[in-house]
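Asker: Got a structure for you, questions after.
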Amino acid sequence: MYVYKPLRMNRFKYILAGALTLLLITESWAQRRTDPEAEEEVYNSVSSIGITTNTNSGILGGFVYRHSKALPTLLKGKHQFRYLALELVNVKHPKEIASQNFITGSRFTYGKKNYLFVLRPEYGREIMFFNRHADEGISISGIVAAGPSIGLEKPYIIQFQSRPGVIVSEPYDEIKHAQTELIVGSGSFFQGFDKTSIVPGLHLKTALSFELSAFRDNMTGLEIGFLTEAFTRKIIIMPFAQNRSFFTSGYVTLYFGNKK
């Protein structure tokens with residue numbers, strides 16, 4: 001009844017290559033507008049929003065808001081900024097496999113019991129390694145940030161034929177729904193939020209930020225980094241597979257914003 005389509009494990013490197021290509025094209029365009037007398041760019045704050053992907057997510061991993069504010073002191077001669085961010089991401093289990101019902105055409109992830117969404121407020125420091133000039137070049141900075149992780153363990157809803165002619169939408173249960181041929185498909189994504197469990201945790205990330213301002217006050221860039229995260233208990237995403245309380249991931253964020 002089902003056709004299995006494994007997740008593409010190499011998607012992260014393709015997304016990273018595409019994002020870097022986009023950044024280099026934009027940087028090349030900006031260099032054509034070079035002013036030989038341009039001075040090093042100076043600004044007090046940067047606000048941006050972005051989309052992110054990571055090795056524990058699908059192509060679209062989540063959304064990010066970032067804000068950096070210049071600090072009055074230098075760190076070993078480098079400009080430093082107070083870094084604040086808020087992320088909302090979806091974390092998937094590596095064993096998740098998408099299936100499709102031949103009869104209804106509906107998709108279903110076999111063995112998936114819960115979604116895991118994580119809200120991450122972050123506080124840290126951003127150190128400017130290389131600054132750009134007013135109309136050319138790329139700024140490169142390093143970021144170290146940490147904060148709480150608010151795990152939202154939301155039930156995965158399925159459509160199940162409880163008896164002939166009767167289909168119900170309910171949270172997936174690995175025992176009750178062992179007969180996969182009676183699973184019609186997945187339920188609405190918006191169902192089950194009232195049964196969401198909150199699992200607290202902590203996270204730490206390190207990253208490099210490549211920022212380009214092709215239109216002076218407007219900017220675009222990439223944040224590429226590594227994140228570790230620990231929760232107070234195991235997150236049950238797939239009961240038949242190994243579930244963890246500790247996660248690591250590489251990520252790429254493409255962001256857009258403005259500076260003052």
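The values are calculated or read from the model by the stated rules, or taken from the named source; none is laboratory data. From a predicted model like this one, the values you see are computed outputs, not experimental measurements. When we count neighbours, we look across all protein chains shown, and the Cβ atoms used for this are built from the backbone with ideal geometry, even at glycine.
Asker: In the stretch 123-141, which residue that is assigned to a strand (DSSP E or B) and in contact with an Asp or Glu (Cβ under 7 Å, 6 or more places away or on another chain) is modelled with the lowest pLDDT?
Answerer: Among those that are assigned to a strand (DSSP E or B) and in contact with an Asp or Glu (Cβ under 7 Å, 6 or more places away or on another chain), it is HIS133.
Asker: Here's something else I'd like to know. Does THR206 satisfy being surrounded by fewer than 19 Cβ atoms within 10 Å (Cβ to Cβ), within 27 Å of ASN44 (Cβ to Cβ) and among the polar types (S, T, N, Q)?
Answerer: On the way: surrounded by fewer than 19 Cβ atoms within 10 Å (Cβ to Cβ): yes; within 27 Å of ASN44 (Cβ to Cβ): yes; among the polar types (S, T, N, Q): yes.
So THR206 fits the description; yes.
Asker: Quick check: anything in the stretch 155-162 small (Gly, Ala, Ser) and in a loop (DSSP other than H, G, I, E, B)?
Answerer: Keep residues of the stretch 155-162 that are small (Gly, Ala, Ser), which gives 162.
From the residues that got through so far, the ones that are in a loop (DSSP other than H, G, I, E, B) too are none.
No, there is no match, as no residue in the stretch 155-162 is small (Gly, Ala, Ser) and in a loop (DSSP other than H, G, I, E, B).
Asker: Give all pairs with beta carbons closer than 8 Å in which a residue from the stretch 211-227 that is closer than 30 Å to PHE246 by Cα meets a residue that is at pLDDT below 85 and part of a strand (DSSP E or B); count only pairs at least 6 apart in sequence or on separate chains.
Answerer: From the stretch 211-227, the pairs are GLY221/LEU212.
Asker: A further question on this structure: Hey, any hits in the stretch 178-194 for a residue that's polar (S, T, N, Q), crowded, with 16+ Cβ neighbours inside 10 Å and part of a loop (DSSP other than H, G, I, E, B)?
Answerer: Just the residues of the stretch 178-194 that are polar (S, T, N, Q), to begin with: 179-180, 186, 188, 191.
The next check asks that each one be crowded, with 16+ Cβ neighbours inside 10 Å; those that pass are 186, 191.
Subset that is part of a loop (DSSP other than H, G, I, E, B): 191.
So far as the stretch 178-194 goes, yes, one or more of its residues are polar (S, T, N, Q), crowded, with 16+ Cβ neighbours inside 10 Å and part of a loop (DSSP other than H, G, I, E, B).
Asker: While we're on this one: Working only within the stretch 148-167, note down all residues that are surrounded by fewer than 20 Cβ atoms within 10 Å (Cβ to Cβ) and small (Gly, Ala, Ser).
Answerer: Result: SER162, GLY165.
Asker: Based on what the data block shows, is ILE158 over 28 Å from THR73 (Cβ atoms) and in contact with a His (Cβ under 8 Å, 6 or more places away or on another chain)?
Answerer: Numbers: over 28 Å from THR73 (Cβ atoms): yes; in contact with a His (Cβ under 8 Å, 6 or more places away or on another chain): yes.
Taking the combined requirement at face value, the residue satisfies it.
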